[in-house]
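**Q** Here it is: the structure, laid out below.
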Amino acid sequence: MRNLLFISGSVGLGHVTRDLAVVAALRALRKDVAVSWLAAHPASLVLEQAGESLLPECAQYANESVEAEAASRGYGLDMMGYLMRARRAWARNVKLFERLAHSGRFDVVVGDETYELNVAQMKYPAINPLPYFCFYDFIGMDAVTRNPVDRLMTYGWNWIWARDWKLYGREKNKALFVGEPQDVADRPFGWLLPNRREYASLYYHFVGYILGFDPTQLADRRAVRARLGYGEEPLVVCSVGGTAVGRDLLQLCAQAYPALRASIPGVRMVLVAGPRIAPDSLSVPAGVEVKGHVPALHEHFAASDLCVVQGGGTTTLELTALKRPFLYFPLEGHFEQEVAVAGRLARHHAGERMRFSQTTPEALAARIAANISQPVAYASIKTDGASAAAAMISAAL
């Protein structure tokens, strides 16, 4: 058997679904692979539900979702505050990673946005003797405020990022970008730093988009709705992902429901709180349903007439592939959602961008009513990236 250590290290839930898709594609290629997972809640919850093998060391792995929630401010995220808070957690993760890499139990390591491990290996290559793969879906950071401290820190992080050739210039390591070259900004990391897209073309491998499902299998919406217990009524699904940061957006959706029901009689609204928001902690009017963690949430997206979501990369990619109308609210101050994800969606002509701080319940109800069940003209996207990534990992094994 060949033993693979997979570290699903990103905040929230979106990335673990693509990680499972890559592993499924890898297992289809070869039967001699044993996968052990290192992850924190809520990714660990999804892995457990999928019947995957989690390492006992997961108890020692720092939970970055906790750090992100602590750095949130209303419906926003202080990214630089989060990065500063996360440093101690990252230091613990690096020490744990070094022990696992030298344990003799694994042949290859795969990480999903395990940035702390990247920086550590750039400085101290000896901490990991194994081939190393890392998934990205954006390259470089962007300051989204005028705060000079934010801008200085952004430049500092980008200065480090523009030197990860020290890691990926080694033959045994590979950076895998989930997306297309056009998803990388065609501008420098910063003053006197290289162009991001040109840099990525030299050191990163573009595998395409990764989904954990086949959109064509959900094309019969009537059948999907019947299987999930939905009727013929107009259906609005509101979801905020795997952290508690989006609680205020769910409350805004609930507050919009009375005005929405007045304009669309019989409309059904379902709030998906996810695994880190207690459903009973939300105050909702009569007629609004609240669910906790929903496995295979993409099926509910496929059944919907419209979705209201955060600006998360995976959720909005799923909705684009499913060609469902949706409104998305990037977390304010979150450069990835406000710049990278929003830029990709604009290029695909997908979704309608909203701003939480400028949206009243009445305004949200009006935008839902204007977009619900409307035909969309999103760009067609390829979603077979899991196979391309699995083939590269298989070669290393």
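The values are calculated or read from the model by the stated rules, or taken from the named source; none is laboratory data. Just so it is clear, the structure is predicted and the values come from calculations on it, not from any experiment. Reconstructed Cβ throughout: ideal geometry from the backbone, glycine too, with neighbour counts over all protein chains shown.
**Q** With the condition being farther than 17 Å from GLY208 by Cβ, I'd like the helices (runs of 4 or more DSSP H) fully within segment 326-397 carrying at least 3 qualifying residues.
**A** Helices (runs of 4 or more DSSP H) meeting the threshold: 342-348, 361-371.
**Q** Turning to a different aspect of this structure: Can you tell me which of PRO194, PRO148 is modelled with pLDDT of 95 or more and either of a type outside the set (S, T, N, Q) or in contact with a Phe, Trp or Tyr (Cβ under 9 Å, 6 or more places away or on another chain) (or both)?
**A** Result: PRO194 is the single residue among PRO194, PRO148 that is modelled with pLDDT of 95 or more and either of a type outside the set (S, T, N, Q) or in contact with a Phe, Trp or Tyr (Cβ under 9 Å, 6 or more places away or on another chain) (or both).
**Q** Could you please find all residues in segment 66-90 being farther than 20 Å from HIS41 by Cβ, hydrophobic (A, V, I, L, M, F, W, C) and free of Cβ contacts under 8 Å to residues at least 24 places away in the same chain?
**A** MET84
**Q** For the list (1) surrounded by fewer than 18 Cβ atoms within 10 Å (Cβ to Cβ); (2) farther than 21 Å from ARG221 by Cβ, I need the number of the one condition that ALA370 fails.
**A** Result: ALA370 passes all but (2).
**Q** Being at negative phi and touching a Cys at 6+ places or on another chain (Cβ under 6 Å) is true for just one of VAL308, VAL339. Which residue is that?
**A** VAL308
**Q** Determine, yes or no, whether ALA175 is at pLDDT 95 or above and either buried (at least 18 other Cβ atoms within 10 Å of the Cβ) or over 29 Å from HIS298 (Cα atoms) (or both).
**A** Here the answer is yes, as ALA175 does meet what is asked.
**Q** Take the conditions in contact with a helix residue (DSSP H, G or I) (Cβ under 6 Å, 6 or more places away or on another chain) and either in a strand (DSSP E or B) or outside the structural domain of GLU67 (by TED's automatic domain parsing) (or both) and apply them to ALA175. Does it pass?
**A** yes
**Q** Mind checking which residues of segment 226-251 are buried (at least 21 other Cβ atoms within 10 Å of the Cβ) and at pLDDT 95 or above?
**A** Of everything in segment 226-251, those that are buried (at least 21 other Cβ atoms within 10 Å of the Cβ) and at pLDDT 95 or above turn out to be LEU235, VAL236, VAL237, CYS238, SER239, LEU249, LEU250.
**Q** Filter segment 135-159 down to residues that are in contact with a helix residue (DSSP H, G or I) (Cβ under 6 Å, 6 or more places away or on another chain) and either surrounded by 22 or more Cβ atoms within 10 Å (Cβ to Cβ) or not aliphatic (A, V, I, L, M) (or both) and give me whichever is nearest to ALA43 (Cα to Cα).
**A** Once the filter is applied, the top-ranked residue is ASP137.
**Q** Within segment 345-361, which residues are of a type outside the set (S, T, N, Q) and in contact with a Phe, Trp or Tyr (Cβ under 9 Å, 6 or more places away or on another chain)?
**A** LEU345, HIS348, HIS349, ALA350, GLY351, GLU352, ARG353, MET354, ARG355, PHE356, PRO361
**Q** Name, by its number, the condition in (1) acidic (Asp, Glu); (2) closer than 17 Å to ALA68 by Cα; (3) without any contact (Cβ under 8 Å) to a residue 24 or more places away in the chain that does not hold for ASP280.
**A** It is condition (2) that ASP280 fails.
**Q** Next up: Identify, please: which residue in segment 33-54 is in contact (Cβ under 8 Å) with a residue 40 or more places away in the chain and assigned to a loop (DSSP other than H, G, I, E, B) and is, among those, farthest from TYR328 (Cα to Cα)?
**A** Filtering first and then ranking leaves HIS41.
**Q** Checking ALA162 against (1) under 22 Å from the mean Cα position of the chain (by Cα); (2) surrounded by 15 or more Cβ atoms within 10 Å (Cβ to Cβ): exactly one of these is not met. Which one?
**A** For ALA162, the failing item is (1).
**Q** Exactly one condition in (1) surrounded by 17 or more Cβ atoms within 10 Å (Cβ to Cβ); (2) outside any helix (DSSP H, G or I) is not met by GLN121; state its number.
**A** Here GLN121 meets the rest and fails (2).
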